[in-house]
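> Can you keep this structure in mind? I'll have questions shortly.
The values are calculated or read from the model by the stated rules, or taken from the named source; none is laboratory data. It should be emphasised that the depicted structure is a prediction, and the values quoted were computed from it without experimental measurement. Cβ placement follows ideal geometry from the backbone for every residue including glycine, while neighbour counts extend to all protein chains displayed. Keep in mind that these areas ignore ligands, DNA and RNA; they rest on the heavy atoms of the full protein, side chains included. Shrake-Rupley method; radii C 1.70, N 1.55, O 1.52, S 1.80 Å.
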Amino acid sequence: MAVPGKAAAFRLPPLPTIREIIKLFRLRAQKQLSQNFLLDLQLTDKIVRQAGELTNAHVCEVGPGPGGITRSILNTDVAQLLLVEKDARFIPGLQMLSEAAPGKVRIVHGDILTYKMEKAFPKYLKKKWEDEPPNIHIVGNLPFSVSTPLIIKWLENVSNRDGPFFYGRTQMTLTFQKEVGERLTAKTGGKQRSRLSIMAQHLCSVENCFVIPGQAFVPQPEVDVAVVHFTPLVQPKIQQPFKLVEKVVQSAFQFRRKYCCRGIGILFPESERLKKTEQLMMEADVDPTLRPFQLSMSHFSNLCNVYRKMCDEDPNLFTYNYREELRQKKRLPKNTSHSEEIEEE
Ligand code: SAM
């Protein structure tokens, strides 16, 4: 958090307002790209405060657009600000900001989903994983269609300690649709507990900072927006590879309203489903009649550890794909094989 009473050493000179920038460069928001802008600089200051102390920090802002959040970041006196923006129309406005903060801003016209973050910052900033997080921060208000796949990709990077986490436990402050923010932070038993809750919370400490009402954006989206802060954990709560955890968690939540053993069962081919599911639930010490949202992190950790052991014993198990088996089954003429219709939700 910003230190109260401490004046930042750098302030941007007087500039046209964001509204004027939008007019000047004819930056009409493209609805199909879910572009919703923040024009209120008090609000963008509030978002940026959630990132923590940024003085002398190296910051990457994703999707700066007309530059509201960008201005707030620059006013905290960062050492360097890297802007990654996909839409070329915003680049001239961002260049104007760059000129107002000489030597501080680097603009990349590119897609954050493919941008090589492991090369984005100077190597000397790198910290050991166990140390305090490096003085590197990621901040962004992206379209929802980008922020969810991006956080999944970055959580995998946390697990592998690559991408932005090549430098250590880089912190992120990102916006999501309000419901996604609730899923990311939902606790055991919570209504919004889902795959995202487990994937995020087993790798990061996740804080749902505050909600921005849809009316604060121009044009106004149909939903409210959550600002969420992530700090990677020194020790993940589930000590298994990302893809394995993802498979177990995704399966468990496949049938949200059924007993958890129903979803867990789809980790196994139909021919041995009953026996192997029972073995997994017993060895993991998980009550099969719990609903998926009632499973705690330690339940998931046990399930992943036992499933890993079963995969080590049967090398074909991890590649087994429930949907593929379903598809194959549907191609067969009726009543030539299995009698059970597999129900999907
Ligand atoms: N940050 C600005 C604000 O708060 O007013 C703009 C927010 S707007 C919701 C999202 C911005 O992200 C747009 O400028 C859009 O062009 C940009 N964007 C969308 N997809 C992107 C991607 N894959 N990589 C980089 N920027 C992207």
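> Please pick out the residue among PRO269, PRO241 that is at pLDDT 95 or above and within 30 Å of ARG161 (Cβ to Cβ). Walk me through how you get there before you give the answer.
Working: PRO269 fails: within 30 Å of ARG161 (Cβ to Cβ).
Only one candidate passes the filter, namely PRO241.
> ALA79 passes all but one of (1) of a type in the set (A, V, I, L, M); (2) open to solvent by 30 Å² or more (accessible area, probe 1.4 Å); (3) at pLDDT below 85; which number fails?
Result: ALA79 passes all but (3).
> In addition: Of everything in the stretch 171-205, what is open to solvent by 20 Å² or more (accessible area, probe 1.4 Å) and within 19 Å of CYS60 (Cβ to Cβ)? Give them in sequence order.
Answer for the stretch 171-205, where residues must be open to solvent by 20 Å² or more (accessible area, probe 1.4 Å) and within 19 Å of CYS60 (Cβ to Cβ): just GLN171.
> Can you tell me how many residues in the stretch 51-76 are buried (at least 17 other Cβ atoms within 10 Å of the Cβ) and either more than 9 Å from the ligand (Cβ to nearest atom) or among the small types (Gly, Ala, Ser) (or both)? So that I can check it myself, show each step before the final result.
Our first condition is that a residue be buried (at least 17 other Cβ atoms within 10 Å of the Cβ); within the stretch 51-76, this holds for 51-52, 54, 57-76.
Next cut, either more than 9 Å from the ligand (Cβ to nearest atom) or among the small types (Gly, Ala, Ser) (or both) only: 51-52, 54, 57-60, 63, 65, 67-68, 71-76.
Going through the stretch 51-76 one residue at a time, the tally reaches 17.
> Same structure, new question: Mind checking whether some residue in the stretch 100-111 is part of a helix (DSSP H, G or I) and not charged (D, E, K, R)? Steps first, answer last, please.
To start, the set of residues in the stretch 100-111 that are part of a helix (DSSP H, G or I) comprises 100.
Narrowing further to those that are not charged (D, E, K, R): 100.
So far as the stretch 100-111 goes, yes, one or more of its residues are part of a helix (DSSP H, G or I) and not charged (D, E, K, R).
> Next question. Suppose the filter is among the hydrophobic types (A, V, I, L, M, F, W, C) and open to solvent by 50 Å² or more (accessible area, probe 1.4 Å); does PHE144 pass it? Before the answer, list the steps.
Working: among the hydrophobic types (A, V, I, L, M, F, W, C): yes; open to solvent by 50 Å² or more (accessible area, probe 1.4 Å): yes.
So PHE144 passes the test.
> Among the residues of the stretch 82-99, which ones are within 11 Å of the ligand (Cβ to nearest atom), open to solvent by less than 20 Å² (accessible area, probe 1.4 Å) and either of a type in the set (Phe, Trp, Tyr) or not in a helix (DSSP H, G or I) (or both)?
Selection gives LEU83, VAL84, GLU85, PHE90.
> Can you pull out the strands (runs of 3 or more DSSP E) entirely within the stretch 126-233 that have at least 2 residues that are within 16 Å of the ligand (Cβ to nearest atom) and under 26 Å from CYS304 (Cβ atoms)?
171-177
> What is the one condition in (1) over 18 Å from GLN250 (Cβ atoms); (2) in contact (Cβ under 8 Å) with a residue 40 or more places away in the chain that ASP314 does not satisfy?
Unmet condition: (2).
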